[in-house]
1. All but one of (1) surrounded by fewer than 13 Cβ atoms within 10 Å (Cβ to Cβ); (2) closer than 20 Å to K126 by Cα hold for G45; state the number of the condition that does not hold.
2. Being in contact with a helix residue (DSSP H, G or I) (Cβ under 6 Å, 6 or more places away or on another chain), within 17 Å of N112 (Cα to Cα) and buried (at least 17 other Cβ atoms within 10 Å of the Cβ): is that true of L27 here?
3. Within segment 75-86, which residues are out of contact with any Ser or Thr (no Cβ under 8 Å at 6 or more places or on another chain) and either surrounded by 15 or more Cβ atoms within 10 Å (Cβ to Cβ) or modelled with pLDDT under 95 (or both)?
4. How many of the residues making up segment 89-108 are out of contact with any helix residue (DSSP H, G or I) (no Cβ under 6 Å at 6 or more places or on another chain) and over 10 Å from T47 (Cα atoms)?
5. Cβ-Cβ below 8 Å, separation at least six or inter-chain, first residue in segment 31-53 and over 11 Å from G86 (Cα atoms) and in a helix (DSSP H, G or I), second of a type in the set (G, A, S) and open to solvent by 30 Å² or more (accessible area, probe 1.4 Å): which pairs?
6. Scan segment 105-126 and report the pairs whose first residue is more than 15 Å from T81 (Cα to Cα) and open to solvent by 10 Å² or more (accessible area, probe 1.4 Å) and whose second residue is among the aromatic types (F, W, Y) and at pLDDT 95 or above, with Cβ atoms within less than 6 Å and a gap of 6+ or a chain change.
7. Give me the pairs: first residue in segment 73-86 and within 12 Å of F105 (Cβ to Cβ), second residue open to solvent by 70 Å² or more (accessible area, probe 1.4 Å), beta-carbon distance under 6 Å, and six or more apart or on different chains, which are they?
8. Could you identify the single residue in N37, N141 that is of a type in the set (S, T, N, Q), loosely packed, with under 14 Cβ neighbours inside 10 Å and modelled with pLDDT of 95 or more?
Amino acid sequence: MHFPVRIPFVEKLGLELVGWRPGEAELAVDVQPDLCNSWSVAHGGVTMTLLDVTMAHAARLRDPVAPGEASGVVTVEMKTTFMRPGAGRLVGRGRLLHRTASMAFCEATVTNAGGDLVAHATGTFKYLKRLPVGGRVIHSNDASD
């Protein structure tokens with residue numbers, strides 16, 4: 001299955017879109033050595049990205065008028081709880097809990113190959129139309145990145 005939009009960071013991590021329908025999404029990643037922390041398990045940022053992208057896809061709704069299109073979302077807030085180290089193949093499953101005209105409230109879990117819970121998250125996402133950002137440069141003296 002293909003992601004509806006290209007996200008270079010998601011490609012770099014090797015996330016796979018396993019399943020996706022309105023209100024639900026399933027993604028997976030095979031944890032490679034370069035995605036690990038000093039304990040040789042999945043870096044927390046990898047797990048959090050899997051949770052974030054899974055929830056974002058659960059929040060995205062395909063437009064019934066243009067079935068190939070999906071609404072865009074940006075993360076507004078996310079709360080993550082880690083239960084155990086992640087290793088091997090990790091699977092994220094997310095669902096849309098509630099939505100308004102402009103916001104989506106979601107949750108997701110990450111499990112390991114044995115089905116053990118690795119992490120859980122809740123997140124709030126804002127719906128928006130894709131903005132033209134290519135080539136845009138932001139100049140700020142106090143910018144941190």
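1. All conditions pass for G45, except number (2).
2. yes
3. Applying the first criterion (out of contact with any Ser or Thr (no Cβ under 8 Å at 6 or more places or on another chain)) to segment 75-86 yields 81, 83-85.
Across segment 75-86, the qualifying residue is only P85.
4. Looking only at that region, the number is 11.
5. Here the result reads P33/S40, each pair linking segment 31-53 to a residue that is of a type in the set (G, A, S) and open to solvent by 30 Å² or more (accessible area, probe 1.4 Å).
6. Correct list of pairs: T124/F105.
7. V76/K126
8. Going through N37, N141 in turn, the sole match is N37.
The values are calculated or read from the model by the stated rules, or taken from the named source; none is laboratory data. Please read all numbers here as calculations on a predicted model, not as lab measurements. Backbone-built Cβ (ideal geometry, glycine too); neighbour counts: all protein chains shown. To get the accessible areas, we keep the full protein, side chains included, count just its heavy atoms, and leave off ligands, DNA and RNA. Shrake-Rupley method; radii C 1.70, N 1.55, O 1.52, S 1.80 Å.
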